[in-house]
Structure formats: structure tokens, C-alpha cells
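Take a look at the structure below.
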């Protein structure tokens, strides 16, 4: 079951990382505004109990934002590395980085794994 979920997440990692970055940014901004000491607004709206959670919302927003940025960075880094190394036509150059290419392709959607397997077939690599 976890393999199927992991594969689904891997297929949509770019969109999910952008979505989590946006949600993290919104929650972070909400947490910042909740931690600001606005006594008159708090008392007028009766939100003192809700605003006590401001620090927790701020921390959760920060964590979600960092996770989204991290996954977005890793996706872009692996994609750039894979696409730049697939362009080579030298078998020896390709073989030097073959293990790194396989690791990068394993973390990317199936489209990139197929591109790597096609390149392996063209260069006659097992």
C-alpha cells in the first residue's frame, strides 16, 4: 500500500511541492498575524482563545513552507542533473555518473525513468 502511495506522490511531486509551499506561506502569514499583539481587535472580536494558538500556527506554517521548498528544490536539482547528463553521447562519461543518474531518476516521475532507460538502451548499458 505504501508503495502505491509513494509512487503516486512521486508522479505529482512538482505540483504537490508547489501546493505545500503556497499553503505553508499562507499558514505562516496567518501565524504571524495571530502572534501580533492587537489587544483592541482581540477583545472586540472575542478571539483571545483562538489567538493563543498563534505561535503553534506560526511553527506549523514554517515547517510546511520549508518542506515544500525542500521538495521543490530537490525536484528541480534532480531534473536538471538528469536532463543535462542524458544529453551526452559518450558512453564513458555516462557510465561515470550512472549510479547518480539512477538515484536521481528514482526520485523523479516515471517520465524521467523512461528517458534514462532509453538512453541506456541507446548506449547499450545493462
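Taken together, the values in this text are just the output of simple stated rules run on the coordinates, not laboratory data. Predicted, not measured: the structure shown is a model, and the values here were computed from it. Quick reminder, even Gly has a Cβ in these numbers, built from the backbone with ideal geometry, and neighbours come from all protein chains shown.
Between 55, 36, 72, find the one with the highest GNM mean-square fluctuation for the chain; connect C-alpha pairs within less than 10 Å.
36
For the chain, with a Gaussian network of springs between Cα atoms less than 10 Å apart, report the residue from 85, 93, 11 with the top mean-square fluctuation.
It is 93.
Which angle between 0 and 90 degrees, to the nearest 10, do you get for helix 2-11 versus the longest principal axis of the chain when only C-alpha atoms count?
For 2-11 against the chain, the angle is about 90 degrees.
Against the empirical 2.2 N^0.38 Å scaling, what ratio does the C-alpha Rg of the chain come to?
1.60
How much length is gained if the chain between residue 26 and residue 14 is pulled fully straight, taking 0.36 nm per residue apart and subtracting their Cα-Cα distance, in nm to one decimal?
2.5 nm
Quick one: if you stick a label point 7 Å off each Cα along the C-beta vector at residue 106 and residue 59, how many nm between them?
In this crude spin-label approximation the distance works out to 3.4 nm.
What percent do you get for the relative contact order of the chain when only Cα pairs under 8 Å and 6+ apart count?
29
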